1. Of the conditions (1) in contact with a Leu (Cβ under 9 Å, 6 or more places away or on another chain); (2) under 24 Å from Tyr109 (Cα atoms); (3) not β-branched (Val, Ile, Thr), His65 fails just one. Which one is it?
2. Regarding the stretch 171-178, can at least one residue be identified that is hydroxyl-bearing (Ser, Thr, Tyr) and touching a His at 6+ places or on another chain (Cβ under 7 Å)?
3. Going through the stretch 183-196 one residue at a time, which ones are in contact with a Phe, Trp or Tyr (Cβ under 9 Å, 6 or more places away or on another chain) and either in a loop (DSSP other than H, G, I, E, B) or not charged (D, E, K, R) (or both)?
4. Using the structure shown, decide if Asp69 is in contact (Cβ under 8 Å) with a residue 12 or more places away in the chain, among the acidic types (Asp, Glu), in a helix (DSSP H, G or I) and more than 23 Å from Val28 (Cβ to Cβ).
5. Under the condition of being buried (at least 21 other Cβ atoms within 10 Å of the Cβ) and under 12 Å from the mean Cα position of the chain (by Cα), which residue from the stretch 99-135 is farthest from Gly78 (Cα to Cα)?
6. How many residues are touching a residue at least 60 places away in the same chain (Cβ under 8 Å) and over 17 Å from Ile169 (Cβ atoms) when one looks only at the stretch 119-135?
7. Taking the condition of being surrounded by fewer than 17 Cβ atoms within 10 Å (Cβ to Cβ), assigned to a loop (DSSP other than H, G, I, E, B) and either touching a residue at least 12 places away in the same chain (Cβ under 8 Å) or on the phi > 0 side of the Ramachandran plot (or both), how many residues in the stretch 89-98 meet it?
Amino acid sequence: MLIERPPLLYRLFFRGAVWRMPKDQKCVYLTFDDGPIPEVTPWVLDLLDKYNVKATFFCVGENVHNYPDIYNDILARGHKTGNHTYNHIQGLKTLTHNYVANIQKATQYIDSKLFRPPHGHIRIPQFWILKRRFRIVMWDLVTRDYSKKLNGEDVFQIVKKYTRNGSIIVFHDSLKSKRNMQEALPKTIEWLKSEGYELNVIPSNKTE
């Protein structure tokens, strides 16, 4: 549970970040990290179209630079995007000014007020600087679709176990997650709909 759902103490270190949307609404928020890439992202977009679902994609700037057509397709299909740094760097391993500069470089390709730090690792000074520029979106549930120790059914069971009203759910449109995600995502969407959840995008601000 410490992996799938961040503990309260960790959330308290980053007050003002979005960990969960309003819990009084039967709504969840699918998010995808680390894309866009041609091997995975178009498949995700087609699946979301099939189920008439919108999601939020936290994109790596370098990938957007390399595959601008896929990024534009994400937007054209009515989804939202967010900044996920330019090179998928971790805040804890990067000096603050270098980290902020890397994110700023990504803004050349990603026009969004949303930001998610890779792996959720960010220093407190970095957080407060970025908080002035972005709505920082963390998560309520990470599916662990990237884990080689799990299969797609395991990932789906994680979703079923930890989803609740307002959950921000993390999948990855990446090569390391492809197999598990492609098995778990259709099951997840069908289950969420059968449970009466509305699926929505992360708003850029509280009033949107």
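Taken together, the values in this text are just the output of simple stated rules run on the coordinates, not laboratory data. As the structure is a prediction and not an experimental result, all values here were calculated from the model. When we count neighbours, we look across all protein chains shown, and the Cβ atoms used for this are built from the backbone with ideal geometry, even at glycine.
1. It fails just one condition, (1).
2. Let us first name the residues in the stretch 171-178 that are hydroxyl-bearing (Ser, Thr, Tyr), namely 174, 177.
Right, trim to touching a His at 6+ places or on another chain (Cβ under 7 Å) and you get none.
There is no residue in the stretch 171-178 that is hydroxyl-bearing (Ser, Thr, Tyr) and touching a His at 6+ places or on another chain (Cβ under 7 Å).
3. Applying the first criterion (in contact with a Phe, Trp or Tyr (Cβ under 9 Å, 6 or more places away or on another chain)) to the stretch 183-196 yields 183-191, 193.
Correct list: Ala184, Leu185, Pro186, Thr188, Ile189, Trp191.
4. Values: in contact (Cβ under 8 Å) with a residue 12 or more places away in the chain: no; among the acidic types (Asp, Glu): yes; in a helix (DSSP H, G or I): yes; more than 23 Å from Val28 (Cβ to Cβ): yes.
Considered against the rule, which asks whether it is in contact (Cβ under 8 Å) with a residue 12 or more places away in the chain, among the acidic types (Asp, Glu), in a helix (DSSP H, G or I) and more than 23 Å from Val28 (Cβ to Cβ), Asp69 comes out as no.
5. Within the stretch 99-135, the match that is farthest from Gly78 (Cα to Cα) is Pro117.
6. Of the residues in the stretch 119-135, the ones touching a residue at least 60 places away in the same chain (Cβ under 8 Å) are 120, 122, 124, 127, 131, 135.
Next, only the ones that are over 17 Å from Ile169 (Cβ atoms) stay: 122, 124, 127, 131, 135.
The total comes to 5.
7. 1
Per-residue answers, yes or no, for (1) in contact with a strand residue (DSSP E or B) (Cβ under 6 Å, 6 or more places away or on another chain); (2) among the hydrophobic types (A, V, I, L, M, F, W, C); (3) surrounded by fewer than 22 Cβ atoms within 10 Å (Cβ to Cβ):
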| site | (1), (2), (3) |
| --- | --- |
| Asp145 | yes, no, no |
| Lys160 | no, no, yes |
| Ile168 | yes, yes, yes |
| Leu175 | no, yes, yes |
| Met181 | yes, yes, no |
| Lys187 | no, no, yes |
| Ser194 | no, no, yes |
